[in-house]
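Have a look at the structure below before the remarks.
The values are calculated or read from the model by the stated rules, or taken from the named source; none is laboratory data. It should be emphasised that the depicted structure is a prediction, and the values quoted were computed from it without experimental measurement. Reconstructed Cβ throughout: ideal geometry from the backbone, glycine too, with neighbour counts over all protein chains shown.
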Amino acid sequence: MRDRIKVNSKTEKPVAVVRSRVALQQQVRAWKAAGETVGFVPTMGALHAGHLSLVEKAKENASRTITSIFVNPAQFAPGEDFETYPRREEADLALLSGAGCDLVYLPTVAEMYPDGSVTDVRVNGMSDLLDGIYRPHFFYGVATVVARLFLHAQPDVAVFGEKDYQQLQVIRRMVRDLGFPIRIIGGETRRDADGLAQSSRNLYLSAEERRAAGAMFAALHRASVRLSQGALPSAVRAEAEAHLLRSGFRSVDYIALVDPDTLAALPDDAPMPAGIARLLGAAWLGRTRLIDNLSVTR
Ligand code: PAF
């Protein structure tokens, strides 16, 4: 049933590892036959405390937890960081053992995209906004791999970080549209002491860039306070962009105030309406693109 068990001498209970869809589905079937529920955390590895908090959330919402680690080629465009994306299998497995994850799914590319595979999932509209403007391939690659992972793992619950807020909303929409019987849960963003959202790509930052990176949270936080006080989104956006550029960011892709469910842009030249909105930002620090977001209430 399990095609390999990784043993890490530092942990008492090593996490089980499967690499094939068939082995994964055998285990999931056995659990479900025994009345267990399955929580699922899809990742691309290079795990940090943010990922482990998603595993924790999955454990709170299901009796068994599966984490997948798969660096998905379909969500990287040529010239992006697919080749250099951090891969740390041994360390990831040790962290997942320590977190009490029950099973890790480590599929190969051929397992996820069988030879000759031509079927994609496209969440139209929502995938083309915000990050989708700068990374047009990205959410199509994400929706395609997450749909495949859901079919492989057949979870009852799946947890995704709010750090990737647009991704979370795209997945919610896909699940709704396709009728996947899976409850999607958002996990709160984990932050370093200066507010920087934890991300595997933070590993790319030089020491100097890391010192500047906290400005992303500071700029968004300041903007969220101003918006909640009724400042015009157009003015607040200009201030946040200036803050980032002053702090050492190379360029800003966007700072945007949107509807938290549909991601539709809210009017720029009128104070934010009463209620809840989402403020998202993406900017370049050297060769690293950082994204972050905050909820705004007025
Ligand atoms: O957020 C990620 O790590 C990835 O986009 C995901 C959801 C695992 C799909 O490859």
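Structural remarks
- Checklist (1) in contact with a His (Cβ under 9 Å, 6 or more places away or on another chain); (2) crowded, with 19+ Cβ neighbours inside 10 Å applied to residue 222, failing item: (2)
- Figure legend. Inter-residue proximity from the range 120-141: first residues over 13 Å from residue 167 (Cα atoms), second residues surrounded by 14 or more Cβ atoms within 10 Å (Cβ to Cβ) and at pLDDT 95 or above, beta-carbon distance below 7 Å, spacing 6+ or different chains. Indicated pairs: 120/140; 120/144; 121/143; 121/144; 121/147; 121/174; 134/253; 134/282.
- Top-ranked residue in the range 122-136 [being within 16 Å of the ligand (Cβ to nearest atom) and not in a loop (DSSP other than H, G, I, E, B); ranked as surrounded by the fewest Cβ atoms within 10 Å (Cβ to Cβ)]: 134
- Selection of the range 153-195 for residues being farther than 28 Å from residue 30 by Cα, free of Cβ contacts under 8 Å to residues at least 60 places away in the same chain and surrounded by 19 or more Cβ atoms within 10 Å (Cβ to Cβ) yields 167, 168, 170, 173.
- The residues of the range 82-98 that are within 15 Å of the ligand (Cβ to nearest atom) and either without any contact (Cβ under 8 Å) to a residue 40 or more places away in the chain or part of a strand (DSSP E or B) (or both) amount to a single one, 82.
- Some residue of the range 65-76 being of a type outside the set (A, V, I, L, M, F, W, C), surrounded by fewer than 17 Cβ atoms within 10 Å (Cβ to Cβ), within 16 Å of the ligand (Cβ to nearest atom) and under 24 Å from residue 167 (Cβ atoms): yes
- Scope the range 229-253; condition within 20 Å of residue 267 (Cβ to Cβ) and either modelled with pLDDT under 95 or buried (at least 17 other Cβ atoms within 10 Å of the Cβ) (or both); matching residues: 233, 236, 237, 240, 241
- Scan of the range 1-41 for residues that are modelled with pLDDT under 55 and either within 24 Å of residue 183 (Cα to Cα) or among the hydroxyl-bearing types (Ser, Thr, Tyr) (or both), ordered by number: 9, 11
- Residue 213 satisfies every condition listed in (1) free of Cβ contacts under 8 Å to residues at least 24 places away in the same chain; (2) in contact with an Asp or Glu (Cβ under 9 Å, 6 or more places away or on another chain); (3) not acidic (Asp, Glu) except (1).
- Looking only at the range 34-59, and only at residues there that are touching a strand residue (DSSP E or B) at 6+ places or on another chain (Cβ under 8 Å) and charged (D, E, K, R), the one that is nearest to the ligand (Cβ to nearest atom): 57
- In the range 250-277, the residues that are part of a strand (DSSP E or B) and in contact with a Ser or Thr (Cβ under 6 Å, 6 or more places away or on another chain): 276
- Hey, residue 119 buried (at least 21 other Cβ atoms within 10 Å of the Cβ) and β-branched (Val, Ile, Thr) or not: no
- Pairs, first at negative phi in the range 65-76, second small (Gly, Ala, Ser) and more than 10 Å from the ligand (Cβ to nearest atom), C-beta under 6 Å, six or more apart: 65/39; 65/58; 66/153
- Meeting the requirement of 3 or more residues that are within 13 Å of the ligand (Cβ to nearest atom) and on the phi < 0 side of the Ramachandran plot, the helices (runs of 4 or more DSSP H) wholly within the range 137-249 are 138-153, 165-178.
- Residues satisfying the stated conditions in the range 141-186, i.e. of a type in the set (S, T, N, Q) and either over 23 Å from residue 56 (Cβ atoms) or over 12 Å from the mean Cα position of the chain (by Cα) (or both): 144, 154, 166
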